[in-house]
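Chemist: Before anything else, here's the structure in question.
Bear in mind that the values in this text are calculations on the coordinates, not laboratory data. Since the structure is predicted, the reported quantities are computational estimates derived from the model, not experimental observations. Note that we place each Cβ from the backbone using ideal geometry, even for glycine, and neighbour counts take in every protein chain shown.
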Amino acid sequence: MNNSVTNTARLLGAALRALLVLTLVTGVVYPLVVTGIAQAVFHSKANGSEITSDGKVVGSSLIGQQDYGLDYFQSRPANGLGTNSVNTRYKLILSGATNLAADNKVLIKQVKDAQAAVVKDNSVPGYTVKVSQVPPDAVTSSGSGLDPDISPAYAELQVHRVAERNHLPLASVEKLVKDHTSGRTLGFIGEPRVNVLQLNIALKELTKGS
């Protein structure tokens, strides 16, 4: 009887000590080490790839935004995002694709309407956009609906409008797009891209100096 109680107490004590040690190692030491390494080696990514402007965080390079007027470069459509009582479109609570098939009449209409809007919005005196010039990312949303990037082709298609509305030389806006075009990751992964938020921040700075 006494031996049984003693053994039980000893086992419970060992289990408690193991719990405390493992809690300390996996719940305190390991997270602190990983966080420390992340902050030291990958500081920007560890903090959400934040983008700042005028000393304030205005977004993340990983998440697109949709609240740009026509004075700025436009992001991809966000047709896959639904609505709720809190947030709509590019507000982080909702994400997702449309899940519509390529031959779905609703999707076809969305694409045609988007093409017409892109042609209308980006045609300025002396420069008329053709439907054949509109790239796919200008009229379709990404899988998440939160894509922060657009193709160089879509950015270049918008330069005439942006230059005209901001009273900037066309060459200056074209250079802005070129300077903010990123190549394929590691030289072979993905496609060249332009981060819209970063591009629009640079545009805002350019208009201040003009």
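Chemist: Using DSSP loop states and a limit of at most 13 other Cβ atoms within 10 Å to flag trypsin sites (Lys or Arg not before Pro), what is the longest stretch of the chain containing no flagged site? Walk me through the numbers before you get to the answer.
Modeler: Numbers: sites that count: K130, R184.
Counting only loop sites that pass the neighbour cut-off, the longest clear stretch is 1-129.
Chemist: Another question about this same structure. On a full-extension model of 0.36 nm per residue, what is the gain between T52 and S172, subtracting their alpha-carbon distance, rounded to one decimal in nm?
Modeler: Numbers: separation 120, 0.36 × 120 = 43.20 nm, distance 2.26 nm.
Extra length from T52 to S172 when fully extended: 40.9 nm.
Chemist: Sticking with this structure for a sec: Once amide H atoms are placed 1.01 Å from N in the peptide plane, what residues at a sequence separation of 5 or more from S123, or on another chain, have their amide H within under 5 Å of its amide H?
Modeler: Excluding prolines and chain starts, which carry no amide H, the hits are V129.
Chemist: Around G59, which amide H atoms from residues at least 5 apart in sequence, or from another chain, sit under 5 Å from its own amide H, with H modelled in the peptide plane?
Modeler: Under 5 Å from the amide H of G59 lie the amide H atoms of I51, each far enough along the sequence or on another chain.
Chemist: Which FRET efficiency value, to the nearest 0.05, do you get for D113 and E191 by plugging their Cβ-Cβ distance into 1/(1 + (r/R0)^6) with R0 = 30 Å?
Modeler: Working: r = 25 Å, r/R0 = 0.84.
Efficiency computed from Cβ-Cβ geometry: 0.75.
Chemist: Among [x] 1.24; [y] 0.92; [z] 0.95, which is the computed Rg/Rh (Cα atoms, Kirkwood Rh)?
Modeler: [x]
Chemist: In segment 125-198, which chymotrypsin sites (Phe, Trp or Tyr not before Pro) are in a loop and have at most 15 other Cβ atoms within 10 Å, using DSSP for the loop call? Spell out each step's value before the answer.
Modeler: Working: sites: Y127, Y154, F188; in loops: F188.
Qualifying residues, ordered by number: F188.
Chemist: Also, I was wondering about something else. Please give the Cα centre distance for segment 102-124 versus segment 56-75, rounded to the nearest Å.
Modeler: 21
Chemist: To the nearest 10 degrees, how steeply does helix 170-179 sit against the main Cα axis of the chain, on a 0 to 90 scale?
Modeler: 20
Chemist: Within 10 Å of each residue's Cβ, count the other Cβ atoms and sort L199, L62, L186 from fewest upward.
Modeler: In order of increasing Cβ crowding within 10 Å: L186, L62, L199.
Chemist: Using the charge dipole of the chain (Lys, Arg: +1 at Cβ; Asp, Glu: -1 at Cβ; taken about the Cα centre), state which of L11, T185, A116 has its Cα farthest towards the positive end.
Modeler: The residue sitting most towards the positive pole is L11.
Chemist: Which GluC sites (Glu not before Pro) does segment 125-210 hold that lie in a coil by DSSP with at most 11 other beta carbons within 10 Å? All intermediate terms of the calculation are to be shown ahead of the outcome.
Modeler: On the way: sites: E156, E164, E174, E205; in loops: none.
Nothing satisfies the criteria.
Chemist: Let me ask another. Between N99 and T207, what is the spin-label point distance in nm, taking each point 7 Å from the Cα along the Cα→C-beta axis?
Modeler: So the two model labels end up 3.9 nm from each other.
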